[in-house]
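In what follows, a single structure is set out as structure tokens and then discussed.
Laboratory data are not the source of any read-out in this text; all were calculated from the coordinates shown. All of these numbers come straight from a predicted model, not from anything done at the bench. Reconstructed Cβ throughout: ideal geometry from the backbone, glycine too, with neighbour counts over all protein chains shown.
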């Protein structure tokens with residue numbers, strides 16, 4: 001059996017310096033990590049949920065709407081579907097206006113500030129376990145270097161605000177009962193009310209350790225009768241937060257009930273999802289999902305094993321405290337199984353308890369005279385391990401700088417007016433499209449888009465609004481017949497005008513001419529005309545064309561070429577087609593593609609394929625005499641300098657049948673235009689020369 005722990009009463013001055021330095025180093029690293037990608041408008045980490053909060057903030061700011069029925073315009077009119085009390089949202093708007101920060105940066109700043117305001121609460125909370133002040137820096141170092149907190153403390157989410165209120169509620173509650181001081185009572189009531197309003201699940205989680213502490217104190221106070229006074233102070237703290245939390249849930253349900261497609265969000269409907277049930281709590285699949293998040297996303301996993309080892313070695317006097325904090329972490333997974341299985345950001349609430357457990361184990365080791373230096377080393381190792389895990393797991397997701405959104409949201413901003421409403425089908429109620437497009441929306445979930453009563457009521461509510469566009473994310477927009485039948489009532493065309501890889505876009509008929517012209521002028525990126533609606537295309541055959549001046553859908557002819565040509569000539573109308581799952585460009589003679597290249601060594605790679613019917617013609621017809629591929633440098637006022645050539649003759653050479661790889665190596669002394677020309681074979685005939693240049697075609 002291991003010898004009993006021998007706690008060191010007071011850490012030495014050298015240890016105090018080490019522990020403080022460890023915290024400062026961890027704090028600097030954590031602060032740096034939270035600043036990575038600060039300028040980016042994207043919201044890495046459950047982007048759809050951050051976008052929902054950000055969308056509310058955007059419209060609160062735009063419309064100066066600080067009402068409790070604040071806007072979250074994703075499910076149509078009425079635009080409010082309140083989830084959490086909007087204290088965080090108001091704070092972001094006020095911060096943005098006061099500092100001049102953009103809303104995204106203000107949202108991050110408020111979240112980070114709330115996170116750092118949890119640290120004094122943790123410092124005070126550690127006093128309940130008689131941790132020496134200088135040793136408390138060990139636990140705080142683990143918290144500020146935690147990968148999950150570095151990543152999510154900067155998120156556009158309410159999580160750190162809810163955690164801040166919950167921890168101060170815990171501190172205030174215990175201090176109010178033990179000191180009988182009004183200041184702690186006021187703090188506990190205010191912080192508890194904030195926690196209950198901002199995020200009731202975080203509030204409920206931290207009620208558990210407080211309740212356990214309260215029962216234990218009341219039980220211990222039986223002998224001297226102090227339990228009566230304690231109970232009075234407890235009763236003075238708890239009712240207001242509980243009442244406000246319950247009132248907010250009830251009031252929010254009343255607002256949601258006004259929206260015909262928001263019934264799925266009321267507390268009754270969401271009960272099993274939010275609070276779980278017996279089947280979910282004993283589901284192996286749910287526990288496996290939770291374990292994957294614990295394993296990969298919270299902290300450096302060996303931290304947990306080493307903390308347990310330290311507990312066994314020399315921190316057994318801390319077992320009760322460690323198990324107490326560890327149980328808080330586990331109870332969150334048990335009480336809210338689905339929430340913690342599907343949402344990694346929920347772990348902002350209970351990872352604090354996990355780090356307290358590990359931190360107390362390490363503190364216990366440093367309190368043991370025999371193991372104190374091992375404990376100090378482990379503390380440093382834990383912080384370094386968490387830094388490594390953040391850099392490996394989270395840093396890449398934060399580093400990119402982006403304006404946010406995608407080609408769809410950019411197009412919707414360009415093609416609709418700020419007061420227009422979007423109809424969106426096939427994206428559930430994901431707020432990313434409305435947020436990045438900065439438009440109100442009616443998003444129809446699967447259950448709503450097949451319910452005629454819900455659709456009719458939702459569209460009736462929008463009768464006074466201007467519908468800017470319908471977005472259908474579906475393999476076939478024709479499957480949405482129930483909705484399409486009703487488009488005419490809103491002034492929308494019943495067939496799509498534009499599409500990209502995932503979306504079909506419908507517009508009002510009076511806007512189609514304007515949007516069509518923008519497409520033809522190449523002003524809309526990422527979209528092509530829907531089949532059957534493109535106007536007569538500009539003919540490209542028989543004349544030189546500048547690629548950048550073509551409409552976007554015609555520029556897509558060269559999507560398989562990197563770089564794309566600056567100009568081209570084709571005797572016949574060029575075509576783009578997928579052949580054997582590869583993007584291919586028709587190269588019937590005479591075709592000339594001109595690329596502008598820098599000086600240096602270059603290599604052109606591609607594949608030429610000639611249709612087998614070209615060299616296996618019907619009886620009585622001549623086969624192709626092949627094609628010649630020529631690469632030349634164009635020099636002003638001089639004959640082109642031939643760089644390479646290749647005759648492809650499948651009629652006479654079996655090796656030229658099927659895909660023919662092309663590799664032309666060449667060098668340039670100056671910036672030059674280089675022409676890739678496909679001409680006829682030796683006989684000069686261009687009949688049956690059905691050649692294709694298959695991608696990817698690259699010039700390196």
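If you average 1/r across every pair of different Cα atoms in the range 407-529 and take the reciprocal, what Kirkwood value do you get, in Å? Present the calculation step by step, with values, prior to reporting the outcome.
On the way: mean 1/r = 0.0694 Å⁻¹.
This gives a value of 14.4 Å.
Taking the DSSP beta bridges in the range 407-529 as the whole, what percent of them are antiparallel, to the nearest 5?
The antiparallel fraction comes to roughly 45 percent.
What FRET efficiency comes out for residue 229 versus residue 251 if R0 is 25 angstrom and r is the Cβ-Cβ distance? Round to the nearest 0.05. If you can, show how the numbers build up before the last one.
Numbers: r = 35 Å, r/R0 = 1.39.
With a Förster radius of 25 Å, E is 0.10.
Taking the 0 to 90 degree range and rounding to the nearest ten, how far is the long axis of helix 227-237 tilted relative to the main principal axis of the chain, both from C-alpha atoms?
With both axes taken from Cα atoms, the answer is about 30 degrees.
Mind running the shape call on the range 545-699? Use the C-alpha gyration tensor, a ≥ b ≥ c as the square roots of the eigenvalues: rounded below 1.5 for a/c, prolate if a/b tops b/c, oblate otherwise. Write out the running numbers ahead of the final one.
Details: a/c = 1.77, a/b = 1.43, b/c = 1.24.
Prolate, since a/c reaches 1.5 and a/b exceeds b/c.
Take the Cα radius of gyration of the chain and divide it by 2.2 N^0.38 Å, with N its residue count; two decimals is plenty.
Against the empirical 2.2 N^0.38 Å value, I get 1.26 for the chain.
Find how much the distance from residue 397 to residue 343 grows on full extension, using 0.36 nm per residue of separation minus their present alpha carbon separation; answer in nm with one decimal. Intermediate values should be presented prior to the final figure.
On the way: separation 54, 0.36 × 54 = 19.44 nm, distance 1.70 nm.
Here the segment from residue 397 to residue 343 would lengthen by 17.7 nm.
Counting each DSSP H run of 4 or more residues in the chain as -39500 (n - 2.57), what helix-only mean residue ellipticity at 222 nm follows after dividing by all residues, to the nearest 500 deg cm²/dmol? Don't skip to the answer; put the middle values down first.
Values: 28 runs with 334 residues, N = 700.
Calculated at 222 nm, the ellipticity per residue is -15000 deg cm²/dmol.
Cβ neighbours within 10 Å, averaged per peptide: list 33-39, 162-168, 48-54, 663-669 in order, most packed at the top.
162-168, 48-54, 33-39, 663-669
How far is helix 302-314 tilted off the main Cα axis of the chain, in degrees rounded to 10, range 0 to 90?
Tilt of helix 302-314: around 20 degrees.
Take every DSSP beta bridge whose two residues both sit in the chain, then give the antiparallel share in percent to the nearest 5. Kindly include the intermediate steps, with their values, before the conclusion.
Numbers: 61 of 73 bridges.
The antiparallel fraction comes to roughly 85 percent.
Using the beta-carbon distance between residue 317 and residue 181 and R0 = 25 Å, what value does 1/(1 + (r/R0)^6) give for FRET efficiency, to the nearest 0.05? Mind dumping the intermediate values first?
On the way: r = 30 Å, r/R0 = 1.20.
Working from the Cβ atoms, E equals 0.25.
For the range 545-699, what is the percent of antiparallel DSSP beta bridges, rounded to the nearest 5?
Values: 50 of 52 bridges.
Antiparallel bridges: around 95 percent, rounded to the nearest 5.
Starting from 0.36 nm per residue, how many nanometres of slack lie between residue 644 and residue 12 once their C-alpha separation is accounted for?
On the way: separation 632, 0.36 × 632 = 227.52 nm, distance 7.84 nm.
Using 0.36 nm per residue and subtracting the Cα-Cα distance, I get 219.7 nm.
Say R0 is 25 Å: what FRET efficiency, to the nearest 0.05, do residue 66 and residue 242 get from their beta-carbon distance?
Details: r = 25 Å, r/R0 = 1.02.
Efficiency, from the Cβ-Cβ distance: 0.45.
Can you tell me the 0 to 90 degree angle between the C-alpha axis of helix 47-63 and the longest principal axis of the chain, rounded to 10?
90
In nm, give the distance between the simple-model label positions of residue 559 and residue 447, each being 7 Å from the Cα along the Cα-to-Cβ direction.
In this crude label model, residue 559 to residue 447 measures out at 3.7 nm.
Is the range 189-326 rounded, prolate or oblate when judged by the Cα gyration tensor, a ≥ b ≥ c being the square roots of its eigenvalues, rounded requiring a/c under 1.5 and prolate requiring a/b larger than b/c? Let's see the in-between values first.
On the way: a/c = 2.62, a/b = 1.14, b/c = 2.29.
Note, shape of the range 189-326 comes out oblate.
Provide the gained length on full extension for the span residue 613 to residue 384, in nm with one decimal, where the gain is 0.36 nm per separating residue minus the Cα-Cα distance. List each step's numbers first, then the result.
Details: separation 229, 0.36 × 229 = 82.44 nm, distance 6.61 nm.
Full extension from residue 613 to residue 384 adds 75.8 nm.
Counting residues in the range 279-348 as N, plug N into 2.2 N^0.38 Å and put the Cα Rg over that result. Could the numbers behind the result be given before it?
Numbers: Rg = 13.5 Å, N = 70, 2.2 N^0.38 = 11.1 Å.
Rg over 2.2 N^0.38 Å, computed on Cα atoms: 1.22.
With each pseudo-label sitting 7 Å past Cα toward Cβ, what's the residue 370-residue 465 distance in nm, one decimal?
For the pair residue 370/residue 465, the computed spacing is 7.0 nm.
When the Cα centres of the range 198-272 and the range 133-195 are compared, how far apart do they sit, in Å?
17
Could I have the simple spin-label model distance between residue 275 and residue 456, label points 7 Å from Cα toward Cβ, reported in nm to one decimal?
The answer from the label model is 3.6 nm.
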